[in-house]
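These notes are about the structure you will find just below.
The values are calculated or read from the model by the stated rules, or taken from the named source; none is laboratory data. Bear in mind that the values here come from a model prediction, so they are computed numbers and not experimental data. Note that we place each Cβ from the backbone using ideal geometry, even for glycine, and neighbour counts take in every protein chain shown.
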Amino acid sequence: MRNRILALAVLGAALSAPIAAQAQTGITVGRAPVVVEETPTIAVEQRPAFRDYVIEQRVPAFHIPDRVVVGATLPETGITYYDVPQRFGATTYRYTVVNGETVLVEPRSRRIVEVMD
């Protein structure tokens, strides 16, 4: 009797395994999820006007020893961040000039999100 029960249990587990495997679609192994930020930056056609605006404002340039690249974090002190005017698009980012480059910065983390060319 025990052998029959054990055989039925094994048979039931074998039959349900493919169903359980199909229920696990969408699992990715070894890759981190990609987070896409939806906060817009300055539109491509607005960038020349924005560069002119920054020059007109004569904001002071700050110097740091590190390279100015997207993803770099700026120092916590010693740099002033300025609001981007509404006419250049609704953005939550701030701008500043570092090592001669105008950059857009996420204000809470001070992470560079775009280097304006």
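Taking each residue of region 93-117 that is touching a residue at least 24 places away in the same chain (Cβ under 8 Å) and closer than 20 Å to residue 45 by Cα and looking for partners that are part of a strand (DSSP E or B) and among the acidic types (Asp, Glu) with beta-carbon atoms closer than 7 Å, six or more apart or interchain, yields 93/106; 103/114; 104/114; 113/106; 115/101. The set of residues in region 41-92 that are among the basic types (Lys, Arg) and under 15 Å from residue 104 (Cβ atoms) comprises 47, 51. Taking residues in region 57-81 that are touching a residue at least 40 places away in the same chain (Cβ under 8 Å), and partners anywhere that are of a type in the set (Lys, Arg) and surrounded by 10 or more Cβ atoms within 10 Å (Cβ to Cβ), the pairs with Cβ atoms closer than 9 Å and at least 6 places apart or on different chains are 70/111; 71/111; 72/111. Quick check on region 14-33. Is at least one of its residues touching a helix residue (DSSP H, G or I) at 6+ places or on another chain (Cβ under 9 Å), within 30 Å of residue 116 (Cβ to Cβ) and at pLDDT below 90? Checked region 14-33: no residue is touching a helix residue (DSSP H, G or I) at 6+ places or on another chain (Cβ under 9 Å), within 30 Å of residue 116 (Cβ to Cβ) and at pLDDT below 90. Within region 89-104, the set of residues being part of a strand (DSSP E or B) and not hydroxyl-bearing (Ser, Thr, Tyr) comprises 94, 97, 98, 101, 103, 104. Selection of region 63-88 for residues being outside any loop (DSSP other than H, G, I, E, B) and out of contact with any strand residue (DSSP E or B) (no Cβ under 7 Å at 6 or more places or on another chain) yields 86, 87, 88.
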